[in-house]
1. Suppose we keep just the DSSP beta bridges with both residues in region 297-404; what percent of those would be antiparallel, to 5?
2. Please state the charge dipole magnitude for region 196-414, taken about the Cα centre, from unit charges on C-beta atoms (+1 on K and R, -1 on D and E), reported in debye and rounded to the nearest 20.
3. So between ALA149 and GLU309, what do we pick up on full extension, going 0.36 nm a residue minus the alpha carbon distance?
4. Which whole-Hz couplings ³J(HN,Hα) result when phi for each residue of region 172-184 is put into the Karplus expression 6.51 cos²θ - 1.76 cosθ + 1.60, θ = phi - 60°, listed in order with x for Gly and Pro?
5. Can you work out the FRET efficiency for the pair GLU261 and SER176, with r the C-beta to C-beta distance and R0 = 35 Å, to the nearest 0.05?
6. Sum up the charges of everything whose Cβ sits under 14 Å from the Cβ of TYR27, counting Lys and Arg as +1 and Asp and Glu as -1, but leave TYR27 out.
7. Note down the magnitude of the dipole of region 11-186 about its Cα centre, charges +1 on Lys and Arg C-beta and -1 on Asp and Glu C-beta and zero elsewhere, to the nearest 20 debye.
8. Tell me which residues come under 5 Å, amide H to amide H, from ILE255 once H is placed; ignore anything under 5 positions away on its chain.
Amino acid sequence: MKTSGSIGPTLSGKRIVLGVTGSIAAYKAVALLRTLLSEGANVHVVMTQSAMKFVAPLTFEVLSDHPVSTDLFEAHQEMKHLSLSEQADAIVIAPATANCLAKSALGLGDDLLSTMLLTARCPLILAPAMDGGMWTHPTVREHVATLRARGTIVLDTEEGPLASGRIGQGRLAEESAILEAIQTALAPQRDWQGHRILVSAGPTHEPIDPVRFISNRSSGKMGYAIAEAAQARGAQVVLVSGPTALPTPSGVEIIPVATAEEMMKALSTRLAWSTVVIMAAAVADFRPTQRASIKIKKRERIGHTLNLERTSDILAALSAQRTTQLMVGFAAETNDMIAHAKDKLTAKGLDLIVANDVTIEGGGFGSDQNAATLIDRQGSITELPLMPKRTLADAILSHAQGLLHSNKRSIQGANPLAGGR
């Protein structure tokens, strides 16, 4: 059973300032820091004097591999309240106390963290934590409303056992909710809003008998990364997936399949619904002409010939059936990559093909990284270096977005009454 989750590092290359204020929940910021690092972020920690009463700065320093900033007037330091915020892609304060919310809303700057917020121009995410009914106090609610009206992301607190022993509203939001808020804040422009993207991923299993099958080494990670990135950029996404052990990306509808025939049926059923089709699956090229109903015993396999037949060319079939859909294919090659990819682009009538050398060190099947060359119908060839598959997914979507705009202009130029894709 697949669960919701994320495919690969989602914050690669992002510089995040993690602010920690004086709440008993400060210890939870340690786990959040580790998660941000695992997602590929470069994290600098800023602590208030009160926060240091709960967790020692050394803990954050060792984990982040950066000095922890605590003092606006530290000797021999550059102007941290300027340099940290100017270089940050996002500032996250978790936990944020009622005092932190008040200073942020009123524009007070009496320490490094609050002064830094006055200079920040990047997304700001606040995850409050407080006790004793403070979260529902009218003044706190006013400060939260003021911050949200300015565009600050202020998460709601959770209900449950508090440090005082009471049960109530005030617990720090779950780590997954904080991470999702950061990912949303840092997501590219929602340029796929209104589009319906049909993605295929993973291998197919073509049965020989009830326990054996023909397949390939595809992990499904590239297709899942594309589905996740497309959803984050505002698209409705349906993911048709062969057998994998990957978690389903949040907000994505998944249709599990096993064989090429099942994948063909699922994709064909959703083709008319879609505006874009991205065929990242590695479909088995052959299947046995006959499937044994019981397990073939070893002694029966001596001298046994396995007769094969071709599976359906799903991408070619979908391309032939399409109306206005943008079609994107993949070409996993071991030699003459560009030539083979160009031939496939033309033969199957695609708008864009993503070619990758599966023998490249550090990339290919099963890896969290990949390098690719994008070749489109206009003859453009774009080489992309080895990068996380989630980052590559965004690059593919951005290139496809350009083709959508180009196609819309050409249709409207040919017929002023025609609509775009």
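No lab work stands behind these numbers, since they all come straight from the coordinates. All values reported here derive from a predicted model rather than from experimental measurement. When we count neighbours, we look across all protein chains shown, and the Cβ atoms used for this are built from the backbone with ideal geometry, even at glycine.
1. 60 percent
2. Roughly 560 debye for region 196-414.
3. 51.4 nm
4. After applying 6.51 cos²θ - 1.76 cosθ + 1.60, I find 4, 4, 4, 4, 4, 5, 5, 4, 5, 5, 5, 4, 5 Hz.
5. Step by step, r from the Cβ atoms, then E = 0.40.
6. Values: positive: LYS28, ARG34, LYS53, ARG171; negative: GLU175.
Charge balance in the 14 Å sphere: +3.
7. 260 debye
8. HN-HN under 5 Å from ILE255: LEU239, VAL240, SER241.
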